[in-house]
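Below is one structure, written out as structure tokens, with a few remarks after it.
Only the coordinates and a few stated rules stand behind these numbers; no lab work does. Owing to the predicted nature of the structure, the values given are computational and were not obtained by experimental measurement. Don't worry about glycine lacking a Cβ; one is built from the backbone with ideal geometry, like all the others, and counts go over all protein chains shown.
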Amino acid sequence: MRRRGCDCAFETLKPRPDIGDGFAKTEIEELGGRGINPIWLPTMSEPPKIDPARHAVFLDFDGTLAEFVDDPDAVRLPDGTFEPLDRLREACDDAICIVSGRKIADLDRFLSPMRFAAAGVHGLERRIEPGASVERLITPEALDPLRDALAPVIEGNPRLKLEDKGLALVLHFRTAPDLQGLAQSAMDRAAEGRDDLVVMHGDMIAEVHPAGMDKGQALAAMMERAPFKGRVPVYVGDDTTDEFALKVVRDRGGLSVKVGEKESVAAYRLPHVAAVHRWIAASLAERNEA
Ligand SMILES: O=P(O)(O)OC[C@H]1O[C@H](O[C@H]2O[C@H](CO)[C@@H](O)[C@H](O)[C@H]2O)[C@H](O)[C@@H](O)[C@@H]1O
């Protein structure tokens with residue numbers, strides 16, 4: 001099992017009581033060594049508006065388009081946001097992609113009747129256009145031994161929820177924060193000895209999925225193909241897993257936008273989900289006025 005990469009590094013990048021609100025220098029250096037240089041500027045400015053004629057728009061789902069809720073299956077877009085999102089897709093000629101840790105099938109369900117290009121399960125699933133078929137980079141059987149190892153943990157701790165995404169498994173503890181340590185160590189133990197897997201400790205979840213893919217690589221691959229190719233990338237995301245994509249976009253001179261106040265490599269910031277939707281609507285309005 002690997003515990004490397006941006007997720008784990010950012011996981012350690014928390015304010016330390018022993019050094020006030022700052023971050024440990026070694027941790028900053030560790031991130032730098034991995035090519036990720038966090039810029040901790042909570043006052044970073046609002047991004048310029050999206051230009052649908054020029055931009056390829058990549059949007060994270062949970063915490064970016066949809067507010068967090070206790071039940072991962074009960075998530076939904078805020079009222080009144082479907083139509084602007086769909087108009088943006090039309091205006092961009094389908095060069096808009098949902099990039100998520102979720103399965104594409106689940107994204108489709110939450111966004112129905114809309115359909116978008118998508119990178120699901122952190123890029124292990126991809127759909128290049130709304131009407132295209134889903135490509136999967138691996139098969140779900142790789143995780144069968146972990147399914148078996150986690151079954152008794154769930155049975156013994158019914159307040160933990162297991163989300164089986166086929167190509168990834170997630171232990172949720174948002175409604176049982178006291179079980180965080182147990183969930184994380186159960187996931188670590190289940191993946192022990194598996195160098196082909198990565199364990200990620202995310203936002204009230206412990207997740208395992210095959211190594212070798214992240215949202216940044218998924219974005220770079222999508223940018224090689226129509227309808228994204230030749231456009232300038234825009235990425236909007238709130239979580240540690242989004243940092244991979246935000247870095248790729250920043251390095252390519254695109255618009256990298258962090259949602260919320262966590263540390264980030266992004267150049268711009270929006271404070272919350274509602275502000276993301278307001279920015280999308282304002283971008284469409286600006287285009288109509290032009
Ligand atoms: O990449 P994202 O679109 O941000 O997806 C990341 C994970 O999102 C979901 O979990 C998160 O949202 C849930 C619903 O609000 C919340 O209950 C949970 O605590 C959050 O971590 C999803 O269930 C995971 O599979 C995704 O990896």
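With unit charges on the beta carbons (Lys and Arg positive, Asp and Glu negative) and the dipole taken about the Cα centre of the range 140-210, which residue among Phe173, His209, Leu146 sits farthest to the positive side?
Highest projection toward the positive end goes to Phe173.
About its Cα centre, what dipole magnitude does the range 142-248 give when the only charges are +1 on Lys and Arg Cβ and -1 on Asp and Glu Cβ, stated in debye to the nearest 20? Kindly include the intermediate steps, with their values, before the conclusion.
Details: 12 positive and 18 negative charges, 83 e Å.
Roughly 400 debye for the range 142-248.
Pulled fully out, how much extra length does the chain show between Lys229 and Gln217, if you take 0.36 nm times their separation in residues and subtract their Cα-Cα distance?
This chain segment gains 2.8 nm when fully extended.
If we count other beta carbons within 10 Å of each Cβ, what is the order of Asp106, Asp203, Asp238, Asp71, fewest first?
Arranged by neighbour count, lowest to highest, Asp106, Asp203, Asp238, Asp71 become Asp71, Asp203, Asp106, Asp238.
Using 0.36 nm per residue, how much length does the chain from Asp144 to Arg174 gain when fully extended, once their Cα-Cα distance is taken away?
8.3 nm is the gain from fully extending Asp144 to Arg174.
Which ³J(HN,Hα) values, rounded to whole Hz and listed in residue order, are derived for the range 253-260 from phi using the Karplus coefficients 6.51, -1.76 and 1.60 in 6.51 cos²θ - 1.76 cosθ + 1.60 with θ = phi - 60°, glycine and proline given as x?
With the stated coefficients, the range 253-260 comes to x, x, 9, 9, 10, 8, 9, x Hz.
According to a simple spin-label model (label point 7 Å from Cα along Cα-to-Cβ), what is the distance in nm between Ser185 and Ser112?
Result for the modelled spin labels: 4.1 nm.
Contour minus end-to-end for Arg76 and Ala275, with contour as 0.36 nm per residue of separation and end-to-end as the Cα-Cα distance?
Length gained between Arg76 and Ala275: 70.0 nm.
Enumerate the amide H contacts of Asp238 below 5 Å, restricted to partners 5 or more residues apart or on another chain; note that Pro and chain-start residues carry no placed amide H.
Residues meeting the criterion, in which the H sits 1.01 Å from N, are Val259.
Note down the magnitude of the dipole of the range 84-162 about its Cα centre, charges +1 on Lys and Arg C-beta and -1 on Asp and Glu C-beta and zero elsewhere, to the nearest 20 debye.
Computed charge dipole of the range 84-162: roughly 260 debye.
To check my understanding: the extent here is largest minus smallest coordinate of the Cα atoms along each principal axis. What are those three numbers for the range 103-239, in Å, largest first?
50, 31, 24
Evaluate the charge dipole of the range 85-226 about its Cα centre and quote only its size in Debye, nearest 20, assuming +1 on the Cβ of each Lys and Arg and -1 on the Cβ of each Asp and Glu.
On the way: 18 positive and 24 negative charges, 69 e Å.
With Lys and Arg at +1 and Asp and Glu at -1, about 340 debye.
7 Å from Cα along Cα→Cβ at both Asp86 and Leu137: what's the point-to-point distance in nm?
3.2
Could you work out the pair-distance distribution P(r) of the range 140-210 from its alpha-carbon pairs, with 10 angstrom bin width and percents rounded to whole numbers?
22, 61, 17, 0
Kindly flag which residue pairs out of Lys215/Lys258; Lys49/Lys229; Lys161/Lys247; Lys229/Lys262; Lys229/Lys258 have an alpha-carbon separation exceeding 25 Å in this structure.
The pairs that break the limit, which is 25 Å between Cα atoms, are Lys161/Lys247; Lys229/Lys262.
Which cross-chain or sequence-distant (5 or more) residues have an amide H under 5 Å from the amide H of Cys97, H modelled 1.01 Å from N in plane?
Amide H neighbours of Cys97, under 5 Å, 5+ apart: Val57, Phe58, Leu59.
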